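Notes for the one structure printed next.
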C-alpha cells in the first residue's frame, strides 16, 4: 500500500514536470488525440515553458529538458529512446540524443566514504592526492587523483544511494506499465512492461562500474595497434563495483577547435582518424564505443586521439558485420543492386518485396551524396530518408544496427566539426574495403565452411527426430489443423498496419501521458 502511494507521488511529480515543459500532451500532436484529451492538453499547456534562448523548442527538446529535470532514471529513459529512431522517428530521437546528463556534484567527503567502503582502507592510504569533482552526471562523478607511485588517474565514483533511487523510479515505471498493458490493447502491442524491464537491465549494467572497466579493457586491447589512438588503461587494484580508476586521459577536447589549432593539430587528419577509428571498432572488432560525442574524445600531448567514458558500448556479430560492410561498400561503389540484395539475403527486408524496387529507393538516397563534401551533406536528413525507406519496405531494424547508425551520425558530426570539407566516403573506403576483402576472401570462406561442416556433424544424429517432427507438421497443415500463436497473430497484425512515423513519435508522448495519468487515477 505504502509503495503504491509512493509510486503515485513519483508519477504525479513526473506528470507535473512534463506538463510544465509541454512534453506530456504536446501541442504539435494535439490533432491526433480525441477531443477530451485535446482539452486536457490545452489546460496543461497554460504557462508551459515552450521557448529557450529566444526560439520555440521542438517537442523532443522539451521532452529532453523535462527528463533532465526529473533525474537519473528519466535521463536513462531518454537515452534509451534515443537509440530507437526506427520507432519514435529520427527528429525526436536526435533531440533526445542531445540530452545533457549533468547533475550538481556531491561532496569530496561523500566520494571518499564510497571509496573507503569499496576497498576497506582510508582514502589517504590509496591516493597521494584526491581532488574535488571535475565532472558530475546523473549516475556518477569523476575526480582527478594521484597514486602513491606518482601516476595521475581519473576516479569515477557512483552517487551515494543511486541504486535505491533508480530502483524506486523503475518500480514506478513498472507499475504504470503493467496498468497500461491491462487497460489498453494498443499499448500491449508496444510491450511497455518488457520495455521497462530492458531499460532496468541496461541501467543495472551502468550501475556496476566493473562492466565499464571491462569495456575499456577490451577496447584498449582491440585498438592497441591502431596508430594515433589511445584508450586509457584500467587500474584494476583500485576498481570495484562502485569505483572505476583509469589512467588519466588529459588533453585538448576535440570540441576546442581554437585549442587544437594553437597546439598545431592537423584537424583534417584528425577528422579522418575519427571516422576510421570508429569503423575499425565496428567492422574489424565488432565492439564499438557507442557514445562518441565531442565530450568523450580529446587529443593528448603526443597528438593521439584519446577515448573516454565506456558506459555505452555496442556489439556486432560476424554475420552482422559482414552484412553492414557489404551495405556500406555497395554505397561507396554505387552498386545499389548488390546493396539491396544484401538486405534481402540477411532477411532485413521481407521476401515479398521487390529487390529492384528496393535498389531504386536506395539509389534515390545515395546518388545525391556523391561528389559532395561534409558541409554540403546533412547526415541526419540522409538517415531520416533511410528510415523512411525501411518503413516503406516493412523493414524491421535490429537494435544493434540502430545503435550503430546513431553512433555513425554522432561520429560524422564530430568529423564535420573538425573538417567541414571532409569526404566521408573517401575517409571510410580503406577500412571498409579491407574488411570486405577479408570477409569474402578464400581464407574466411574456408573457415566458415569448416565451421558449417562441424555444425552439420553435430546435428547429424538428430536429423531423424527433426524429420519426424517435420512430417507431423506437414500432416497438420494438410488437415487444416494449424493454429497460430498469439505472438504470431500480433506480428502479422503489426506487419499489416503501417503507422506513419509522426504518429510513432506521438505515441511516445501519448504513452508517457497515459502511463502517468492512468496510474494516478488507479492509485488514487
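The values are calculated or read from the model by the stated rules, or taken from the named source; none is laboratory data. None of these values were measured; they are calculated from a predicted model. Heads up, the Cβs are rebuilt from the backbone with ideal geometry, glycines too, and the neighbour counts pull from every protein chain shown.
The table for this structure:
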{"read-out": "Flag if residue 104 is touching a strand residue (DSSP E or B) at 6+ places or on another chain (Cβ under 7 Å) and either surrounded by fewer than 17 Cβ atoms within 10 Å (Cβ to Cβ) or at positive phi (or both)", "value": "yes"}
{"read-out": "Counted residues, the stretch 305-336 - those being within 27 Å of residue 270 (Cβ to Cβ) and crowded, with 17+ Cβ neighbours inside 10 Å", "value": "19"}
{"read-out": "The stretch 182-197 - residue that is assigned to a helix (DSSP H, G or I), in contact with a helix residue (DSSP H, G or I) (Cβ under 9 Å, 6 or more places away or on another chain) and at pLDDT below 85 and, of those, nearest to residue 77 (Cα to Cα)", "value": "195"}
{"read-out": "Residues (at pLDDT 85 or above, farther than 12 Å from residue 336 by Cβ and surrounded by 15 or more Cβ atoms within 10 Å (Cβ to Cβ)) located in the stretch 351-377", "value": "353"}
{"read-out": "Filtered residue count, the stretch 96-111, keeping only those that are part of a helix (DSSP H, G or I) and within 21 Å of residue 293 (Cα to Cα)", "value": "2"}
{"read-out": "Search result, residues across the stretch 309-327 that are over 20 Å from residue 80 (Cα atoms) and either assigned to a helix (DSSP H, G or I) or touching a helix residue (DSSP H, G or I) at 6+ places or on another chain (Cβ under 7 Å) (or both)", "value": "318, 319, 320, 321, 322, 323, 324, 325, 326, 327"}
{"read-out": "Residue that is surrounded by the most Cβ atoms within 10 Å (Cβ to Cβ), among those in the stretch 146-166 that are without any contact (Cβ under 8 Å) to a residue 40 or more places away in the chain and outside any helix (DSSP H, G or I)", "value": "146"}
{"read-out": "Some residue of the stretch 167-179 being out of contact with any helix residue (DSSP H, G or I) (no Cβ under 8 Å at 6 or more places or on another chain), part of a helix (DSSP H, G or I) and within 18 Å of residue 67 (Cα to Cα)", "value": "yes"}
{"read-out": "Residues located in the stretch 88-111, provided they are free of Cβ contacts under 8 Å to residues at least 40 places away in the same chain and touching a helix residue (DSSP H, G or I) at 6+ places or on another chain (Cβ under 7 Å)", "value": "95, 96, 98, 99, 100, 101"}
{"read-out": "Selection within the stretch 213-223 - touching a strand residue (DSSP E or B) at 6+ places or on another chain (Cβ under 6 Å) and more than 17 Å from residue 277 (Cα to Cα)", "value": "213"}
{"read-out": "Scan of the stretch 131-142 for residues that are over 15 Å from residue 208 (Cα atoms) and in contact with a helix residue (DSSP H, G or I) (Cβ under 6 Å, 6 or more places away or on another chain), ordered by number", "value": "132"}
{"read-out": "Single residue of 67, 80 found to be part of a helix (DSSP H, G or I), closer than 28 Å to residue 240 by Cβ and out of contact with any strand residue (DSSP E or B) (no Cβ under 8 Å at 6 or more places or on another chain)", "value": "80"}
{"read-out": "Per-region count, the stretch 293-312, residues modelled with pLDDT of 90 or more and closer than 17 Å to residue 215 by Cβ", "value": "7"}
{"read-out": "Some residue of the stretch 112-128 being assigned to a helix (DSSP H, G or I), in contact with a helix residue (DSSP H, G or I) (Cβ under 9 Å, 6 or more places away or on another chain) and under 30 Å from residue 27 (Cα atoms)", "value": "no"}
{"read-out": "Counted residues, the stretch 212-259 - those being assigned to a helix (DSSP H, G or I) and in contact with a helix residue (DSSP H, G or I) (Cβ under 6 Å, 6 or more places away or on another chain)", "value": "1"}
{"read-out": "The one condition in (1) more than 26 Å from residue 212 (Cβ to Cβ); (2) surrounded by fewer than 19 Cβ atoms within 10 Å (Cβ to Cβ) that residue 339 fails to fulfil", "value": "(2)"}
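Residue-by-condition table, conditions (1) surrounded by fewer than 18 Cβ atoms within 10 Å (Cβ to Cβ); (2) without any contact (Cβ under 8 Å) to a residue 24 or more places away in the chain; (3) within 26 Å of residue 418 (Cα to Cα); (4) in contact with a strand residue (DSSP E or B) (Cβ under 9 Å, 6 or more places away or on another chain):
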site: 225; (1), (2), (3), (4): yes, yes, yes, no
site: 230; (1), (2), (3), (4): no, no, yes, yes
site: 234; (1), (2), (3), (4): no, yes, no, yes
site: 240; (1), (2), (3), (4): no, no, no, no
site: 244; (1), (2), (3), (4): no, no, no, yes
site: 255; (1), (2), (3), (4): yes, no, yes, yes
site: 264; (1), (2), (3), (4): yes, yes, yes, no
